[in-house]
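The values are calculated or read from the model by the stated rules, or taken from the named source; none is laboratory data. Fair warning: this is a prediction, and the values are worked out from it, not measured in the lab. Cβ placement follows ideal geometry from the backbone for every residue including glycine, while neighbour counts extend to all protein chains displayed. The protein model used for the area step is the full one, side chains on, heavy atoms only, and it has no ligands, DNA or RNA in it. Shrake-Rupley method; radii C 1.70, N 1.55, O 1.52, S 1.80 Å.
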Amino acid sequence: MKIIIAPDSFKESLSAPEVAASIHAGFRQIFKEATYELIPVGDGGEGTLAILAKAHQAEMKAASVQGPFGEKIEAKYALTDKMAFIEMAEVCGLHLVPEDKRNPLKVSSFGVGELIIRAAESGVEEILIGIGGSASNDGGIGMAQGVGYRFLDAEGNEVPAIGENLDKIVQMDASHVPAFLENVKIRVISDVENPLCGKNGATAIFGPQKGLLSSEIEKVDGQLAAFFKRHFGHVPEEPGSGAGGGMGAGLLMFLSAELNPGIEFVLERLEMRKACADADLIIVGEGRMDGQTAQGKAPLGVAKYAPQGVPVIAICGSVTEDAKELYTKGITAIFPSVGRVATLSETLSEAANNLERTARNVAAVWKGGNK
């Protein structure tokens, strides 16, 4: 019997390899003789860098760049002879911002631009950028400032490129953007398909989880739309343009990047179709399964490779009512792993044990059913 374990990371808790290891430990208590294949996945969010770097045998590097609030941090990226891999969450990920400081309008993505320059200077032909898991909502202007763009107010003063200043920018200056960037292909991998603006856009859907007040959503969404209309003539509507707080749109418009669905891109490189072809059971998972999971997230991406009749079991941290849509899209059953009423910090610290226990119980039920 062959069991595929292919989970995403649990945000702010466990990496994808750690999640896979915990599920594996639980299943092995029941199915000791099974053949297991652990394939941790990423869809453009936190942890995707490590997964792609391993798949391409890339060398991990570190660079000193600006963090979420302009402080210096060490951010990882990876290189091969011709390709570079960057993860936005390394620079301004939600996990880098304490809960009491979460306000996406004050978070900078400047360091993403610095990493792009560093990677391009190494001589690569292509840069892959995962833009999920961010704490910002700036339409990518921080990144643009990081590669050399200057943003000026009505008095001609340069303004910090953060979300709260979008409506102050009346002029852009691209004269300091290095010419060598034109020779580098930039491909974006996003963990969602949301457009930049509107009811399904970056601000409305992801703003609240980053600390944006519900009373601010309409205003901020309007400022984001107005910025792109003013400087580019239109508001990007491409799928994924709203990922990363609008970073998808920013990379598209400022650097002519190509937008790609993250999970499809990653799974292709992990040869997921081949791995699942002879599987008897496929296990997926992520920290919280909800309506957003159906919008291009990792679990459904993996489920698409399940052979006819092979169950796809999801083991997650928590599950919401709107996750029931997933039952019509390839997920056989969903099992939340939170074991008791506890604080968020307690729940996060208990994640590995909760996963192992839940996986053990799922395995026991599946074994009984097969009898």
Response to the item:
Across the range 188-205, the tally of residues that are at pLDDT 95 or above, open to solvent by 20 Å² or more (accessible area, probe 1.4 Å) and not in a loop (DSSP other than H, G, I, E, B) stands at 1
Worksheet item: Just a yes or no: is a residue in the range 49-59 assigned to a strand (DSSP E or B) and among the β-branched types (V, I, T)?
Response: no
Item to complete: Considering only the range 252-271, state which residues are farther than 20 Å from I51 by Cβ and part of a helix (DSSP H, G or I).
Response: L252, M253, F254, L255
Item to complete: Could you please give the count of residues in the range 337-361 that are in contact with a helix residue (DSSP H, G or I) (Cβ under 7 Å, 6 or more places away or on another chain) and open to solvent by 40 Å² or more (accessible area, probe 1.4 Å)?
Response: 5
Practice prompt. Starting from the range 129-157, take each residue that is closer than 23 Å to I217 by Cα and list its partners that are among the acidic types (D, E) and open to solvent by 20 Å² or more (accessible area, probe 1.4 Å), counting only C-beta distances under 8 angstrom and pairs at least six apart or across chains.
Written response: G132/E46; G133/E46
Practice prompt. Examine the range 26-37 for a residue that is open to solvent by less than 30 Å² (accessible area, probe 1.4 Å) and assigned to a helix (DSSP H, G or I), and state whether such a residue exists.
Written response: yes
Worksheet item: Can you tell me which residue in the range 68-116 is surrounded by the fewest Cβ atoms within 10 Å (Cβ to Cβ), limited to those that are within 25 Å of T203 (Cα to Cα), in contact with a helix residue (DSSP H, G or I) (Cβ under 7 Å, 6 or more places away or on another chain) and of a type in the set (K, R)?
Response: R102
Worksheet item: Of the residues A275, A243, A323, which is more than 22 Å from the chain's Cα centre (by Cα), open to solvent by less than 40 Å² (accessible area, probe 1.4 Å), of a type in the set (A, V, I, L, M) and on the phi < 0 side of the Ramachandran plot?
Response: A275
